[in-house]
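The values are calculated or read from the model by the stated rules, or taken from the named source; none is laboratory data. Everything numeric here is computed off the predicted structure, so don't read it as measured data. Reconstructed Cβ throughout: ideal geometry from the backbone, glycine too, with neighbour counts over all protein chains shown. For the accessible areas, the whole protein counts, side chains as well, though only heavy atoms, and no ligand, DNA or RNA atoms are used. Shrake-Rupley method; radii C 1.70, N 1.55, O 1.52, S 1.80 Å.
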Amino acid sequence: MTPVLQTKTPLHFINPNKDALVADFVGKPLNALRTPAFVVDRAVFAKNCMKMHENARDWGATFRGHLKTHKTVEGTKLQLISDVGSNSAIVVSTLMEAWGVMQGGLVADGTVKDILYGLPVGLNKLDDLSALHAEMTKYGGTVRILVDHLDQIKFLEEYEKAQEHPKKWSAFIKMNGGLQRAGILPEPVSFKPFMRRVFASPAISVFGFYTHAGYSYASTSLEQATSHLTGEVRLTNDAATMALEVLAESDNGEVNHQPFVLSVGSTPTALSATAEAKLKMTSTLNGTLELHSGNYTMLDLQQLHTTLIGRPQIAQKVLATVISYYPGRGSDGQDEAMCDAGAIAMSKDTGRIPGFGEVVGKSWKLGRISQEHGVLVRVPPNAETGRTDPTLKVGEIVEIVGQHACLIAAAYPWYYVIDSDMAEGSDKVVDIWIPWKGW
């Protein structure tokens, strides 16, 4: 194998100065902010987190919060600790997030005890992961990885063999549920030999089986989302069943000392995880359930289309300024306008709801986008959604809810935080959250 050069997380880029931003912006009205600006309602965010704790509890599962949407210290605390309960397990999409959790004091104070790096393990990141593992161990915590290919196993073995104190990595086996994004297929002819090799490895301890039903974003009812959730459980449980069969046939059946963890979830399926949904699971489980999710903290138009949430549950929005107006330029002679939020501010993700974003309270949508500007187009007034005001003026600041909160948030160096549970908290900045940037 060609030598793999190890890489390091550039921690010196991790954060702007929060104290300076708080001093500059807290107390300012939203219309005093430079646009485009990303705004998070802390009260709604917290309620979304509490609801997910309720779902996990009622569904009979532990919970692992995904940090990929907000990537902040403050958001992590709200994800893991609510009036309903607390959890200490997270999944991250980048090692910058993991180190941000560490440097943000969330491991030292006991908030986070279990970090899963949520991509199949990158071979050039093992030095970094090992350093993170060593830091976590100091506080009694653990780092887990995902594996889905035998080359990963071979490299982990070679890597650990070269260490002064070789360790076993706690690993989830990533399962492919049909999305064709990552994971191994649950086909006995290939899966059982894979598991035989994994169980024989001195570098791996199998913690459980992990999947993500990304296709559940196409759900348009609770029934459909629940069906996808049941499918996730079936997939991971089938994998656990085959794994136990492999162990029963092997000479090293004692390598598994605890029940496998069956980790499932996406925002639509996690929102459907209720006591009623649990009644629909008829198979005997060969493991314990874990629910994971991330987008649920902020939500967006893609989630709104599933019908599992309402507009009041969306915790994020983008402020944009109307910078020009074009009477009669649009289709059927409709007016158009231009705002200063484009593809970078809103992302180019689309969804089943037309356009790149909805203007809150206005019968307008973000219909077209270029890099740094977007074209607002008129839509019919809709009393049900509250989008009834047809007027726009040059210089006006509008609020836009976009298609995909995860990608929208990624564009911003900090978030302006409001709190609708506080007096005047809906219209003034009450805090600044700084996300971890980079990989």
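Summary table below
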| read-out | value |
| --- | --- |
| Residue satisfying condition, being modelled with pLDDT of 95 or more, within 15 Å of Q316 (Cβ to Cβ) and open to solvent by 50 Å² or more (accessible area, probe 1.4 Å), within set K71, K77, K51, K47 | K47 |
| Residue selected from region 4-38 under the condition open to solvent by 90 Å² or more (accessible area, probe 1.4 Å) and at pLDDT 80 or above, by the criterion nearest to the chain's Cα centre (by Cα) | N17 |
| Among residues of region 146-156, those that are surrounded by 14 or more Cβ atoms within 10 Å (Cβ to Cβ) and either within 19 Å of the chain's Cα centre (by Cα) or of a type in the set (D, E) (or both), counted | 2 |
| Verdict on G361 being closer than 22 Å to A37 by Cα and over 32 Å from the mean Cα position of the chain (by Cα) | no |
| Any hit, region 157-169, residues being open to solvent by 20 Å² or more (accessible area, probe 1.4 Å), modelled with pLDDT of 95 or more and in contact with a Leu (Cβ under 9 Å, 6 or more places away or on another chain) | yes |
| First in region 186-207 and on the phi < 0 side of the Ramachandran plot, second anywhere and open to solvent by less than 10 Å² (accessible area, probe 1.4 Å) and not hydrophobic (A, V, I, L, M, F, W, C), Cβ under 7 Å, 6 or more apart | A203/E160 |
| Which numbered condition A225 misses (of (1) part of a helix (DSSP H, G or I); (2) among the aliphatic types (A, V, I, L, M); (3) open to solvent by 10 Å² or more (accessible area, probe 1.4 Å)) | (3) |
| Residue among I344, I353 that is open to solvent by less than 50 Å² (accessible area, probe 1.4 Å) and either more than 25 Å from the chain's Cα centre (by Cα) or not hydroxyl-bearing (S, T, Y) (or both) | I353 |
| Helices (runs of 4 or more DSSP H) completely within region 258-336 that count 2 or more residues being open to solvent by 60 Å² or more (accessible area, probe 1.4 Å) | 275-279 |
| Residues within region 185-204 that are within 19 Å of T241 (Cβ to Cβ) and surrounded by 18 or more Cβ atoms within 10 Å (Cβ to Cβ), tallied | 6 |
